[in-house]
Amino acid sequence: MTPRRKRMILVGILLTGMAITAVLLISAFKQNLLYFYTPTQIANGEASIDKGIRIGGLVKDGSLQRKEGTLEINFLVTDEVNEFPVTYSGILPDLFREGQGIVARGKINSQGVFVADEILAKHDENYMPPEAQDALDAAKTLK
Amino acid sequence: MWKFIHKFASPKYFYNISGKILPPLGWVTLALFIVGLVGALFLSPPDYQQGESVRILYIHVPAAMLSMSCYVAMAITAAIGLIWRIKLADIVAWAIAPIGMTMTIIALITGSVWGKPMWGTYWVWDARLTSELILLFLYLGFIALQTAIEDTRSAARASAILALVGLVNIPIIKYSVNWWNTLHQPATISKMGKPSIDASMLWPLLIMIAAYMCYFAWITLKRSRCELIYRERNSSWVKKMVKEAS
């Protein structure tokens with residue numbers, strides 16, 4: 001075996017070893033690396049109730065309620081299968097609106113309501129000019 | 001084929017040919033940047049949701065793409081240097097490292113500036129952002145290891161192994177948005193099926209990506225030449241060239 005051959009095999013073993021380690025690590029940490037839980041995952045009991053967690057999903061259309069004279073808002077987070085009530089009091093990101101994807105950090109209280117202490121907006125991977133969105137909305141109302 | 005590669009890997013031949021490629025490549029890069037930036041900052045429309053802030057996309061996405069492809073290029077050249085003991089490959093890997101690191105820093109900073117108005121935060125520890133930060137540390141480790149070891153050949157060998165080990169992070173960055181729930185949105189351009197970016201915004205983005213890539217090629221050649229002439233300073237062809245020039 002030439003030294004070059006030897007080095008080639010060594011690099012090959014190194015790469016395979018790393019790949020296997022990575023696959024094992026990733027599958028082991030699958031849950032811990034979740035940045036947020038969806039309402040369905042919470043309904044299935046995948047998230048711990050007493051610990052602080054993050055919930056992610058869309059703000060359900062028509063569910064947003066603002067309390068007069070305060071910053072408090074109540075809304076439902078949905079993943080189109082299950083939904084979960086969220087209450088929050090504080091400053092919201094610009095993108096926050098009904099139908100928008102959000103991630104809220106907080107705890108589920110005894111009434112089964114998610115009390116958020118931080119809300120982040122999650123934007124999707126679609127980019128288009130405003131006119132294109134207007135055209136899409138117009139097409140939707142025609143249907 | 002092998003003959004050509006060996007010829008190309010000879011320091012003198014590489015020095016001469018790269019000297020010829022550099023000027024036109026530099027002009028192409030400049031032209032692409034001008035067209036791309038005018039398209040990105042003036043001609044493309046604002047986004048339906050993000051408004052004018054979307055223009056960070058044209059800086060952020062190419063930098064993030066390059067931060068990963070630089071790493072792959074660096075790891076491949078380092079591996080070639082490790083296996084075939086080609087000096088030029090070591091030099092190119094060394095030349096790429098700070099470029100890739102800069103791209104990573106640009107991607108992280110622009111992403112953070114973009115995150116504040118859109119997400120409501122500069123930084124979150126989600127899988128995409130964290131793995132990109134690890135990439136920065138890998139570049140730093142590679143550079144630190146290279147500079148820590150006096151002998152260039154053993155420095156190249158040690159850092160090549162580090163580069164290969166770190167390669168595992170690249171698919172993690174790329175697919176983090178698909179494997180885990182992250183705050184960062186999934187990929188736009190490489191998404192199969194319906195296009196998720198409007199044509200009026202896609203063309204400046206593609207030109208910017210091409211501009212970044214040409215810049216990467218240009219600066220890599222330039223840095224490699226400098227390092228090459230430095231490492232070969234005692235060889236006869238360099239001495240002869242210097243004598244002729246002076």
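Values as computed for the structure displayed
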read-out: Calculated from backbone phi, Karplus (6.51, -1.76, 1.60) coupling profile of region B:104-117 in Hz, x at Gly/Pro; value: 4, 5, 4, 4, 5, 5, 5, x, 5, 5, 6, x, 4, x
read-out: Residues with amide H under 5 Å from that of B:ILE197, placed H, sequence gap 5 or more; value: A:TYR127
read-out: Residue-wise HN-Hα coupling along region B:67-80, computed from phi with Karplus coefficients 6.51, -1.76, 1.60 (Hz; x: Gly, Pro); value: 4, 7, 5, 4, 5, 4, 4, 5, 5, 5, 5, 5, 5, 4
read-out: Greater than 30 Å apart at Cα, pairs in B:LYS20/B:LYS174; A:LYS67/A:LYS107; A:LYS60/A:LYS107; B:LYS7/B:LYS239; B:LYS20/B:LYS239; value: B:LYS20/B:LYS174
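Values quoted throughout were computed directly from the atomic coordinates according to the rules given, and no laboratory measurement underlies them. Quick caveat, the model's predicted, so the values are computed rather than measured.
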